[in-house]
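First comes the structure, then the notes that go with it.
We did not get these values from a lab; they are worked out from the coordinates using the rules stated. As the structure is a computational prediction, the values presented were derived from the model and not from experiment. Quick reminder, even Gly has a Cβ in these numbers, built from the backbone with ideal geometry, and neighbours come from all protein chains shown.
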Amino acid sequence: MFDRITVEPDKVAGQPCIRGLRFTVAHLVRLVAAGWGLEEIQEEFPFVEAEDLRQALL
């Protein structure tokens, strides 16, 4: 169910990240909470995919 969210103790202090990248789920959720849409997020962070966002919000 959450195959795009990874937790690695040696990355970002073990915080959940998107696909092993140093981009945390919390950061992505904060962007959405601030009103950013998927297109805006992808303009700034092109590696974020729609499924990443969906799983982060779950």
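Does region 31-45 include one or more residues that are touching a Leu at 6+ places or on another chain (Cβ under 8 Å) and in contact (Cβ under 8 Å) with a residue 24 or more places away in the chain?
The answer is yes, given that some residue of region 31-45 is touching a Leu at 6+ places or on another chain (Cβ under 8 Å) and in contact (Cβ under 8 Å) with a residue 24 or more places away in the chain.
Out of curiosity, is PHE2 surrounded by 11 or more Cβ atoms within 10 Å (Cβ to Cβ) and out of contact with any helix residue (DSSP H, G or I) (no Cβ under 8 Å at 6 or more places or on another chain)?
Working: surrounded by 11 or more Cβ atoms within 10 Å (Cβ to Cβ): yes; out of contact with any helix residue (DSSP H, G or I) (no Cβ under 8 Å at 6 or more places or on another chain): no.
Spelling it out, it is not the case that PHE2 is surrounded by 11 or more Cβ atoms within 10 Å (Cβ to Cβ) and out of contact with any helix residue (DSSP H, G or I) (no Cβ under 8 Å at 6 or more places or on another chain).
Scan region 5-35 residue by residue and report those that are in contact with a helix residue (DSSP H, G or I) (Cβ under 8 Å, 6 or more places away or on another chain) and among the hydrophobic types (A, V, I, L, M, F, W, C).
Residues of region 5-35 in contact with a helix residue (DSSP H, G or I) (Cβ under 8 Å, 6 or more places away or on another chain): 5, 7-8, 15-19, 22, 24-25, 28-29, 31-32.
Hits for region 5-35 are ILE5, VAL7, CYS17, ILE18, VAL25, LEU28, VAL29, LEU31, VAL32.
Pairs, please: C-beta under 8 Å, at least 6 apart or cross-chain, first residue farther than 16 Å from PHE47 by Cα and free of Cβ contacts under 8 Å to residues at least 12 places away in the same chain and in region 8-19, second of a type outside the set (Gly, Ala, Ser) and part of a helix (DSSP H, G or I)?
Qualifying pairs under 8 Å: GLN15/VAL25; PRO16/VAL25.
Whether any residue in region 22-29 is part of a helix (DSSP H, G or I), surrounded by fewer than 16 Cβ atoms within 10 Å (Cβ to Cβ) and among the β-branched types (Val, Ile, Thr) is what I want to check.
Checking region 22-29: at least one residue is part of a helix (DSSP H, G or I), surrounded by fewer than 16 Cβ atoms within 10 Å (Cβ to Cβ) and among the β-branched types (Val, Ile, Thr).
Hey, can you tell me all the residues within region 21-49 that are under 10 Å from the mean Cα position of the chain (by Cα) and among the small types (Gly, Ala, Ser)?
Listed by number, the list holds a single entry, ALA26.
Taking region 46-56 on its own, how many of its residues are part of a helix (DSSP H, G or I) and either among the polar types (S, T, N, Q) or without any contact (Cβ under 8 Å) to a residue 40 or more places away in the chain (or both)?
Of the residues in that region, 4 qualify.
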